[in-house]
Structures are given as C-alpha cells and as structure tokens.
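Report on the structure given below.
FYI, it's all coordinate maths here, none of it is from the lab. All values reported here derive from a predicted model rather than from experimental measurement. Here the Cβ is made from the backbone with ideal geometry for all residues, glycine too, and neighbour counts use every protein chain on show.
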C-alpha cells in the first residue's frame, strides 16, 4: 500500500485566490498519484471569502475533491487535532511555515506528542526570502524564535524549490537544517496552444499585471515606474484585492499618472483563462519582492508574452534568451528604460521576443525534473523506502 501523506494548506481547490502555494500542492497531488496517497487538510473557504464553499456537503467534502478535508474556523485547532490523532499517515507535510491555522497547531501538537510523531516536511514557499521577511517582520521574528526555542522543527526535512530558497532556509533555521531542493511540480497539462497575439504598433504598449494585490507583489512599484514614459500605454490589472489598504495606495498612484497611461482594474481571473489573458498583452510586468517559483511567470512565457521581472525570482536567464528582462528593484530607471524600449518596439522585433518567450517556456517544460525531484524528497522522509542513505538535497536541479 502506498504511504499516506497529510498535507496542510490554508487554501486549496476549488478556491483560486491562494496564489502559487495552492498550485504547488495541487500539482504535487496530481503528479504523485499512484505512488503516494496525499490527503489535503485545508480551510473551508477561499481567501477573503466570508462564506464557505457552496459545494461542501455535511461531511466536509466536495465532489471531485475526495482526498481533501475542509475545516471551518470554528474550533479548528481542536477538530484538526482530533482528525490527525485518528488518521493513519506516514508523513506530515506543511505547505507553509507561518500558517497559524494549520502549520503552527500541528507542529505544537507533534512536539508534545498530542498527535503521532511522524516524519515532518515543511515547505516555506518563499516565506524565508528577504523581501517576504521584511513584511510584518516583528511577528515573523518572534514566530521563528518560538519555533527554534521549543524545537518544533528540529527534525524537519525542509522542501526548498530552488538552491536560493535552500540558502534562505539555512539562514533562518541554521546551517545544519536538512534541506532538499525539489522544484514545484508543474500541471499535468502544461503545453497549451498559443493564444492570438495582439498587433504591436510603435509608440503603444499593452501591459498586464496578474497576481494577488498585496505588498509582496509590488504593484505600486510597477505603477510608479510608468509615470515618466512617453507613448500610449494601457496597463491592465488582474487579481484579488488581498490587501485593501495597499490597493488604496495603488489607486492614489493611478490618479497621479499622466493621461498617456490608461490603467484598468479588471478583477479576478479563473485559472483556466490566465494564459489567454496574458497572451492578449504585449508585456507581463511583475516587480515582485520575492518568488520561490512563480507559476504565472511560466504561464506568461507559454502564452508568448515577454516578461519584465524583478531579480527576486528564480527566472534569472530570460534576457539572454530574448524572453524578457530581470532587473534589480533599486534601479528604477532601468525599469523605465525597458518599458520605453518596449513602447517604441516595432512589430518585427516584438514578434521575435514573443516567439523566444514561448520557446523558453516550452523548453522549460521539456527539461523539467520536478516530479522526479519531489519523489526523491518524499522518499527521503522515509529512508527505509529508498533503501539508501538520506541525501541532504536532491541530486537533480533545474
């Protein structure tokens, strides 16, 4: 019988606002099917919703998601604890380090033997990046101190998506932290057809920002960097308003932009529409403070939409491939220069960038080893399964 994994995630399907963490865990569930039985423990509503999913039955299940257990916020810790105490599982996996709803209570319960002490895997999903740690820094420092002081993760196996994230984990949890690098699993169907591309006219540019509207994604920076460009720019914004205070700051910037910059907020997007929407624009702009992967970046590439990113993502070689640009956030003028270059770009040059972006995305999929790496990670939590010494990291890298 395949080993059972209890995986926690604050948000999960059918929700769509939880960001890349939801995609990472749902892709892992799909990719590992047949080798591992993964049961997801999650909340009963999407990010920002006051009501639970309408599809939930009286047993806390949703048709099509039989391997998912949904918990309401009422007495969640107690019901979660009782569920895990009775469960027959081999690995405890947390799809977040800072989650107060799922990770923290189960780490605490495990430490004091209130639940079975099974092998532990923690996936911080970019939460240890310098940009992420600067947000709510005092609370996060206190949380990390508590976890280390009481040894809640002393025997944890850390799941890092990249070598850079592995370094971030060791920076926070100590140089002896046991880390394995395994790239985030890709969707089972990750090679969509190319959407119809917009015509590129010199002096005009259609830019798209598609992500959660919060400080981490740095929309305000993107808006400000457009303030001094010449030419006609349409800037479309898609995504849930996760942080309303931050969104009000962005609205104030929008009001001050010159008339040649037209900004539209177009709401949330069903995931199945993301690639088509990205493909209807000339440039995907995401000056994020940090990403451990960035599924939407890959989706932009597959859509043939060149990308403009901060240098806080794993996508560091796109410029040399002609697929886009990565720039340091302290070089605002460089962002403006690239934006102006894209505005002035002619149709032929633009088409070449589109083709190179698409080729880069397809090549990434062809070279992907994330499924194999993830199996190494999970097997490493159960040394008797692999029959070999436990490695400190997966041998394969992207």
Review point. How many nm is it between the label spots at residue 317 and residue 264, if each spot is 7 Å from the Cα in line with the beta carbon?
Key: 3.7 nm
**Study point:** segment 188-234 and segment 49-69: distance between their alpha carbon centers, rounded to Å
**Key:** 35 Å
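Would you work out if segment 319-369 is rounded, prolate or oblate? Take a ≥ b ≥ c from the square roots of the eigenvalues of the alpha-carbon gyration tensor; rounded if a/c is under 1.5, else prolate when a/b is larger than b/c, oblate otherwise.
Working: a/c = 4.54, a/b = 1.41, b/c = 3.23.
Taking the square roots of the gyration eigenvalues as a ≥ b ≥ c, segment 319-369 is oblate.
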Review point. Using only the Cα atoms of segment 204-366, what do you get for the radius of gyration and for Dmax, in Å?
Key: 14.5, 44
**Study point:** Highest-fluctuation residue, 148, 59, 140 considered, GNM on the chain with Cα pairs under 10 Å
**Key:** 59
Exercise for review: With a ≥ b ≥ c taken as the square roots of the eigenvalues of the C-alpha gyration tensor of segment 1-128, please select rounded if a/c is under 1.5 and otherwise prolate if a/b is larger than b/c or oblate if it is not?
Suggested key: rounded
Revision key, fill the gap. Within the set 185, 69, 305, GNM on the chain using Cα springs under 10 Å gives the largest fluctuation to 69
Check your understanding: Among 183, 48, 126, which one moves the most in a GNM of the chain with springs linking Cα atoms closer than 10 Å?
Key -> 48
Study note, to complete from the structure: Under the rule rounded for a/c under 1.5, else prolate if a/b exceeds b/c, else oblate, using alpha carbon gyration tensor axes a ≥ b ≥ c, segment 21-88 is classed as oblate
Review point. Taking a temperature of 10 °C and a viscosity of 1.306 mPa s, what whole-number D in µm²/s does Stokes-Einstein yield for segment 162-202 with Rh from Kirkwood over alpha carbon pairs?
Key: 112 µm²/s
Practice item. Output the direction-averaged projected area (hull surface divided by four) of the convex hull of the alpha-carbon atoms of segment 157-274, in nm². Key: 10.7 nm²
Revision key, fill the gap. For the chain the translational diffusion coefficient, Stokes-Einstein from a Kirkwood Rh over Cα pairs at 4 °C and viscosity 1.567 mPa s, in µm²/s, is roughly 59 µm²/s
Review point. Taking the simple approach of a point 7 Å from Cα along Cα-to-Cβ for both residue 167 and residue 252, what is their distance in nm?
Key: 3.6 nm
